[in-house]
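K.L.:
Have a look at this one before I ask anything.
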Amino acid sequence: MVDSVVIFVPDDTRRTGREDPLLLEQVQGVPLLAWLAGSLAQMGAQRFFLVAQPGCIARAKSCFPDDVELTVCTEQDPADLLHVFLSTMEEGSSKVCIITGPVAHLPAQIVPVSSSEARHGAFMVNREVFMDALDQDFSFARFLADESEACGPEEGFYPISDYTELLSFQHAMNRSQLLLLAQTGVKIWDLDNCYVNPWTRVGADTTLMPGTVLNGRNSIGSHCVIGPNTFLTDCSVADGAQ
């Protein structure tokens with residue numbers, strides 16, 4: 001996975017008939033964008049460039065983890081800021097990921113519902129080629145078609161076309177989050193009866209019992225036991241608590 005990601009939040013409300021852009025629609029109380037940014041951050045992305053409409057910018061900014069570098073652009077033409085963002089990437093980083101619409105990011109071991117491989121919302125491009133294109137009067141859509149590598153299920157990206165399809169990904173997104181926590185030492189008794197959103201932090205050697213629901217921005221310490229049948233939202237739990 002690359003360390004730098006460019007994310008566009010398109011206004012697709014006219015197409016979907018929904019009040020909010022699909023990337024800001026909620027899954028288990030958290031916007032899809034938060035699940036996406038959280039998953040990418042856990043896989044190594046630490047720098048994000050966000051492009052959104054002015055009316056959406058506050059909600060979109062709140063979707064990103066506190067420990068990542070975030071550049072925000074509300075202008076119609078973000079070329080200058082994008083150029084600076086790309087030029088300050090770490091030496092040796094040659095690729096940048098571009099998200100152009102609503103997608104779910106799931107690790108390879110997750111098997112979600114079927115999704116059309118013909119649609120794409122994530123692309124990988126060469127940083128130098130992208131910077132050169134920004135210096136010219138170019139078509140972004142044509143640039144992606146000619147110079148990018150489309151990312152699909154093999155890379156963990158699944159395009160989402162409407163709210164119904166988004167809901168069908170809920171289980172896979174939650175399971176993905178639980179498996180990522182398990183890799184950090186969190187002990188989970190029941191993958192099918194435990195719900196943790198991407199804004200929650202859980203310490204190593206903490207046990208999540210069946211029926212645990214961690215909503216909002218929780219900070220759970222290490223060596224804790226949460227549950228069974230416990231709902232927490234926006235809570236701070238000390239090390240060793242039960």
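K.L.:
Contour minus end-to-end for residue 68 and residue 11, with contour as 0.36 nm per residue of separation and end-to-end as the Cα-Cα distance? Can you show the working numbers first?
P.N.:
Details: separation 57, 0.36 × 57 = 20.52 nm, distance 2.46 nm.
Contour length minus Cα-Cα distance gives 18.1 nm.
K.L.:
Once each part is reduced to its C-alpha centroid, what is the distance from region 183-242 to region 23-43 in angstrom?
P.N.:
18 Å
K.L.:
Right, another one. So for 223, 120, what's the accessible-area order with a 1.4 Å probe, most first?
P.N.:
Putting 223, 120 in descending order of accessible area: 223, 120.
K.L.:
Hey, could you get me the Stokes-Einstein D for region 56-106, Kirkwood radius over alpha-carbon pairs, 20 °C and 1.002 mPa s, rounded to whole µm² s⁻¹? Display every interim value, and only then the final one.
P.N.:
Working: Rh = 13.2 Å.
Rounded, D is 162 µm²/s.
K.L.:
Label region 178-242 by shape, choosing from rounded, prolate and oblate, from the square roots a ≥ b ≥ c of the eigenvalues of the Cα gyration tensor; if a/c is under 1.5 it is rounded, and otherwise prolate applies when a/b is larger than b/c, oblate when it is not.
P.N.:
Taking the square roots of the gyration eigenvalues as a ≥ b ≥ c, region 178-242 is rounded.
K.L.:
Could you calculate the contour length gain from residue 83 to residue 137, that is, 0.36 nm times the residue separation minus the distance between their Cα atoms, to one decimal place in nm?
P.N.:
18.1 nm
K.L.:
Here's another thing I want to ask about it. How large is ³J(HN,Hα), in whole Hz, for each residue of region 208-214 in order, when computed from phi with the Karplus curve 6.51 cos²θ - 1.76 cosθ + 1.60 and θ = phi - 60°, using x for Gly and Pro?
P.N.:
9, 7, x, x, 6, 10, 10
K.L.:
Return the ratio Rg/(2.2 N^0.38 Å) for the chain, where Rg is computed over Cα atoms only.
P.N.:
1.04
K.L.:
Next question. Using each residue's phi in region 12-20, evaluate 6.51 cos²θ - 1.76 cosθ + 1.60 at θ = phi - 60° and report the 3J(HN,Hα) Karplus result to the nearest Hz, with x for Gly and Pro.
P.N.:
Coupling constants for region 12-20: 9, 5, 5, 6, 8, x, 9, 6, 10 Hz.
The values are calculated or read from the model by the stated rules, or taken from the named source; none is laboratory data. No experiment lies behind these values; they were computed from the predicted model shown. The accessibility values were calculated without ligands, DNA or RNA, using every heavy atom of the protein model including side chains. Shrake-Rupley method; radii C 1.70, N 1.55, O 1.52, S 1.80 Å.
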